[in-house]
Amino acid sequence: MAEQAVHVTDILILGANGQVGWELQRALAPLGQLTVCDRRRGDLEDLAGLRALVNAERPSIIVNAAAYTAVDKAESDSTRAHLVNAEAVGLLAELAADLDAWLVHYSTDYVFDGSGSQPFRESDPTGPLNVYGQTKLEGEQAIIASGCRHLIFRTSWVYAARGANFARTMLRLAADREELRVIADQVGAPTSAELIADVTAQVLAQLRHRPDARALAGLYHLTADGATSWHGYARFVIEQAIGLGFPLRTSPEQVLPISTQEYPLPATRPHNSRLDTRKLRETFGLTLPAWETHLKRMLVELAGEKSA
Ligand code: NDP
């Protein structure tokens, strides 16, 4: 009998050029053969192409780090945000179910309404305040409804040494301006793409060996430990950056706190972005670092690039 040529990929990564996608390439490499797709090879707006890609690769794990992440733009571009964050995710879930593959997906604290001051648990009621949060929630719901084996990691305030993020924006602005006015009444945990990728790898590695792997499928909150406001975050970045020799015009004292109302944006943001990570820590025996730890490391990396 002729041998059938079947191309089997272990892990298919989508959104490889994003902050998390980039780090996943490093973190997941020891776990198996990777097929790495950016928007050109895995476009989530092209559902037929996405179906063809997954069916050709037949991965045992699909990791979707692609998303429509432009929170303010999504308010006036809801059709595209919905296509990428909900419809395409639903298709990935359906394909994963057909292949009996795992689907790893990332979601956001913006699925919550941000009320109160306690960290949100996975089981708390959702109530997104903006289009981005609504479409991300619909993506989660599509995955759960599909019955595929899945891990959904909800995270917050993601940054990395490459890509667009708040920390890098603060550095850019502080190089030009003497004063920065930053929102002080929204609280969350800055979380590095590196941490998200490393935890993803650790969880997947454990699932391979745990007899109860199927029962561990589900929704998990994944952020760094602790919390701060955008103002506290900006101040910390600037303090550290000055210590590392960045030529900034803004001093930490010149980072001034303002309220959300003083900085209106198209998309409403939650005041409380805290996520309770206990389920993740206890299920997989993980310790999550304080938010400052990886942030310092990222700033050291940026300082090294500047002086190189
Ligand atoms: P980035 O914005 O850094 O990366 C998103 C990636 O998705 C980009 O590389 C982008 O491609 C890609 N993408 C967008 N549209 C498409 C498409 N139609 N087809 C294929 N790829 C597409 O996001 P992060 O890495 O920060 O986010 C990772 C996950 O974490 C996402 O699910 C996000 O919703 C979630 N999250 C992020 C937060 C944050 O603060 N950034 C906070 C909470 C959750 P291209 O480079 O070509 O534009």
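Observations on the structure shown:
- For GLN186, the conditions (1) over 27 Å from ARG121 (Cα atoms); (2) surrounded by fewer than 22 Cβ atoms within 10 Å (Cβ to Cβ) all hold with the exception of (1).
- With respect to the conditions (1) free of Cβ contacts under 8 Å to residues at least 12 places away in the same chain; (2) among the charged types (D, E, K, R); (3) part of a loop (DSSP other than H, G, I, E, B), GLU253 falls short on a single one, namely (3).
- Subset of the stretch 154-169 [more than 6 Å from the ligand (Cβ to nearest atom) and among the hydroxyl-bearing types (Ser, Thr, Tyr)]: TYR159, THR169
- Once the stretch 14-27 is narrowed to residues that are more than 19 Å from ALA86 (Cβ to Cβ) and assigned to a loop (DSSP other than H, G, I, E, B), the residue that is farthest from the ligand (Cβ to nearest atom) is ALA16.
- Single residue of LEU256, LEU286, LEU299 found to be within 30 Å of LEU207 (Cβ to Cβ), at pLDDT 95 or above and either in contact with a strand residue (DSSP E or B) (Cβ under 9 Å, 6 or more places away or on another chain) or of a type in the set (A, V, I, L, M, F, W, C) (or both): LEU286
- Beta carbons closer than 6 Å, at least 6 apart along the sequence or on distinct chains, pair a first residue in the stretch 210-224 that is buried (at least 22 other Cβ atoms within 10 Å of the Cβ) with a second that is among the small types (Gly, Ala, Ser) for THR223/SER156; THR223/ALA189; ALA224/ALA189.
- In the stretch 40-68, the residues that are under 17 Å from TYR106 (Cα atoms) reach residues that are modelled with pLDDT under 95 and assigned to a loop (DSSP other than H, G, I, E, B) with C-beta atoms within less than 7 angstrom, at least six apart or across chains, in these pairs: ILE61/ASP10.
- Being without any contact (Cβ under 8 Å) to a residue 60 or more places away in the chain and under 21 Å from GLN19 (Cβ atoms) holds for only one residue in ARG162, ARG154, ARG172, and it is ARG172.
- Residue within the stretch 33-47 that is in contact with a strand residue (DSSP E or B) (Cβ under 9 Å, 6 or more places away or on another chain), of a type in the set (A, V, I, L, M) and over 30 Å from HIS209 (Cα atoms) present: yes
- Out of ALA175, ALA161, sole residue that is more than 24 Å from GLY15 (Cβ to Cβ), of a type in the set (A, V, I, L, M, F, W, C) and not in a strand (DSSP E or B): ALA175
- Scope the stretch 86-145; condition without any contact (Cβ under 8 Å) to a residue 60 or more places away in the chain, closer than 25 Å to ASP198 by Cα and among the charged types (D, E, K, R); matching residues: ASP100
- Evaluating THR293 against the criteria (1) in a helix (DSSP H, G or I); (2) free of Cβ contacts under 8 Å to residues at least 12 places away in the same chain; (3) β-branched (Val, Ile, Thr) leaves one unmet condition, (2).
- Checking GLY133 against (1) more than 30 Å from ASP10 (Cβ to Cβ); (2) assigned to a helix (DSSP H, G or I); (3) in contact with a His (Cβ under 6 Å, 6 or more places away or on another chain); (4) not basic (Lys, Arg), the condition it does not meet: (3)
- Given (1) within 21 Å of the chain's Cα centre (by Cα); (2) surrounded by 20 or more Cβ atoms within 10 Å (Cβ to Cβ), index of the condition THR250 fails: (1)
The values are calculated or read from the model by the stated rules, or taken from the named source; none is laboratory data. Treat the numbers as computed from the prediction; the structure is a model and nothing was measured. Methodologically, a virtual Cβ is constructed for each residue, glycine included, from the backbone with ideal geometry; neighbour enumeration extends over all protein chains shown.
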